[in-house]
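Everything on this sheet refers to the single structure shown next.
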Amino acid sequence: MSNGETRPDNNGIEQMLARLRANPLVPLLVAGAAVIALVAAMLMWASAPEYRVLYSNLSEADGGRIISELESRAVPYQFSQGGRALMVPGDQVHKLRLQLAEQGLPEGGNVGFQIMDNQAFGISQFAEQVNFQRGLQGELASSIEALGPVSRARVHLAMAKPSVFIRDREPAKASVVLTLEAGRALGNGQVDAIVHMVSSSVPELALEDVTVVDQAGRLLSRPSGSGGGLDGTQLEYVREVERVYRQRIESILAPILGPENVRAQVTAEVNFARREETSERYGPNQGGNPAAVRSSQTRAVYSGGEDLAQGVPGALTNTPPGAAASPVQQGGDDQQDGANTENTEDTSKRLNHEDVINYEVDRNITHVQHERGQVERLSVAVVVDYRDGVNEDGEPTPVPLSDDQLERVNQLARQAMGFSVERGDGLEVVNSPFTRMESEDQQRDWWQDPFWQDFLFSMGRWLLVGLGALLLFLLVLRPMLKRYAGQAPAPVARPAQAPTPAPAAANEAGNEPEPVPRRRRRRSSAYEQNRQDLQDMAQEDPAMVAMIVRNWMNRNE
């Protein structure tokens, strides 16, 4: 039974293969469907959208919420970079970011002061302080990420610990880790701006206690006390000063010498020290000028022999004196009496007069505050090319400038730079032939433009699709169509046709024989071949032929 059951199956497969061989239309249809499928696949590949990064380094919770939202919006997505980046079609990136941001996605990343909104009742002071610190770190990181070159930022704060003892106080410190965009870099001025922003946002945080590091581990902030010279802002100011002076010199000399015939370089010494000076000067009174009197004091003391009102006021004072006693007569000459009398008069009459006068002294008080960024010295070098001339043979040749022309160039450069002898400026003008380089088109070729590269890549994909479709038609469909046209099965029942006149009879009638169509010959040969195959099959396996006829009869019933 098994042989009997197996044989009909084999016979059925062989019968099917025979029918496929007998009817070439089926392979043609299969090949045509395969070609259409390949062409459709290539068209889908050519028209596939370009995927770009929507978000990267997402947490698992945020990634799940975003994927659910994308699936609800029927937006295709895929992962790249080892699953760390979520990619969507490039024309929908900005739209999806705005729509997801409206719904608060992604929620991870920087947690700001919104962490303080949902605090449990009775939270401890330590937990509240930690939440405040986390919120401050998140707000600072969000502010730093607003800068163009910064992709992501993390801020670590060590808050200050106050104490009643000065030696136990600990100042605040901060560390900032930056992830920059591809191909972007931060200038010194931008790093200083980040340091100042963090220092101004945290209490008791000094500038030198803020450290900025990029994703490669490079220290971006300048350490305090390193003695590295000027910071980024000061260096930019010096470059700007040098650029302005150089532009002044070249702009005034270019109309005379030509823009390609003059080059200038300026070195500026700028003093960034901040100084305050206070002076007080005193000057003596000049003889011809009236002096200003500050204060004057006069004191006079008089003593004499006249009977003046003396003593204590009262009755005794107003009583007239009695008679004067007679002088004592002593021995001596008249000269001695005269001397005693003169001394008595000198002693009894005396006048003391004292004058104290204080004059104002000249005083000049000057308070000078020196500005930072003052130019202390300029060093300028100017190189002038030879002028175009003609030699004795009439050929063009460079000709040096004359002394008068060089002196005029020197004077113009001095006026343009504001030359100052007191400041110690230096200027050197040199006339020398320039080395002419071969003119090269520095402009980028059109095929290096990203726009044309994208356009050519897109056109190349479509051309590749067209070429693949053409090759499938020429190598697959066209041969099968030719084969089908040459081996098409003839109908079983054919109407009777008039016999073809013999060539001899046609010749006797005087007419050329009508040629038999090629398609008809191919069909007749194919019909004969199929009939011969069927006869051979009936002879080799009559049971299978009988089964096929039986199936036809059952199908007709």
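The values are calculated or read from the model by the stated rules, or taken from the named source; none is laboratory data. Small disclaimer: the values here were computed from a predicted structure and weren't measured. FYI the Cβ positions are ideal-geometry reconstructions off the backbone, even for glycines, and counts take in every protein chain you see. SASA here: full protein model, heavy atoms, side chains in, ligands and nucleic acids out. Shrake-Rupley method; radii C 1.70, N 1.55, O 1.52, S 1.80 Å.
Here are the numbers for this structure:
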read-out: Rounded accessible area of M459 (nearest 10 Å², 1.4 Å probe); value: 80
read-out: Cβ-derived FRET efficiency at R0 35 Å, I123 paired with L98, nearest 0.05; value: 0.50
read-out: Residues with amide H under 5 Å from that of E208, placed H, sequence gap 5 or more; value: none
read-out: In sequence order, calculated HN-Hα J values of the range 127-137 (Karplus, 6.51, -1.76, 1.60; Hz; x Gly/Pro); value: 5, 5, 5, 5, 5, 4, 5, 4, x, 5, 5
read-out: Å² per residue, accessible surface of the range 117-229 at 1.4 Å; value: 63
read-out: Of all accessible heavy-atom area on the range 116-256, the percent that carbon and sulfur account for (1.4 Å); value: 51
read-out: Protection proxy ranking, peptides 171-178, 382-389, average beta carbon neighbours within 10 Å, highest first; value: 171-178, 382-389
read-out: Table column - 3J(HN,Hα) (Hz), the range 163-175, Karplus curve with 6.51, -1.76, 1.60, x for Gly and Pro; value: 7, 6, 9, 5, 5, 9, 6, 10, x, 6, 9, 9, 10
read-out: Zone of Y386's modelled label, taken as backbone nitrogen in the range 251-281 under 18 Å from a point 7 Å along Cα→Cβ; value: 257-258, 260-263
read-out: Computed lengthening from Y527 to A61, 0.36 nm per intervening residue step minus Cα-Cα distance; value: 160.6 nm
read-out: Karplus 3J(HN,Hα) series, Hz, for the range 99-105 with 6.51 cos²θ - 1.76 cosθ + 1.60 (x for Gly, Pro); value: 5, 6, 5, 5, 8, x, 10
read-out: Amide hydrogen neighbours beyond the local backbone of F272, cut-off 5 Å, H modeled; value: G373
read-out: Förster-model FRET efficiency, 35 Å R0, Q415 and E277, C-beta, rounded to 0.05; value: 0.65
read-out: Extension gain from A74 to S142, taking 0.36 nm per residue of separation minus the Cα-Cα distance; value: 21.4 nm
read-out: Net charge, V177 excluded, C-beta distance under 10 Å - Lys, Arg +1, Asp, Glu -1; value: +1
read-out: Extension gain (nm, one decimal) between H196 and V293, 0.36 nm per residue minus Cα-Cα; value: 29.2 nm
read-out: Heavy-atom accessible area per residue - the range 396-479, 1.4 Å, Å²; value: 78
read-out: Distance (nanometres) between label positions extended 7 Å along Cα→Cβ at Y359 and W452; value: 9.2
read-out: Protein-only accessible surface order, largest first, of F419, F79, F473 at 1.4 Å; value: F79, F473, F419
read-out: Exposure rank, largest accessible area first [L470, L140; 1.4 Å]; value: L470, L140
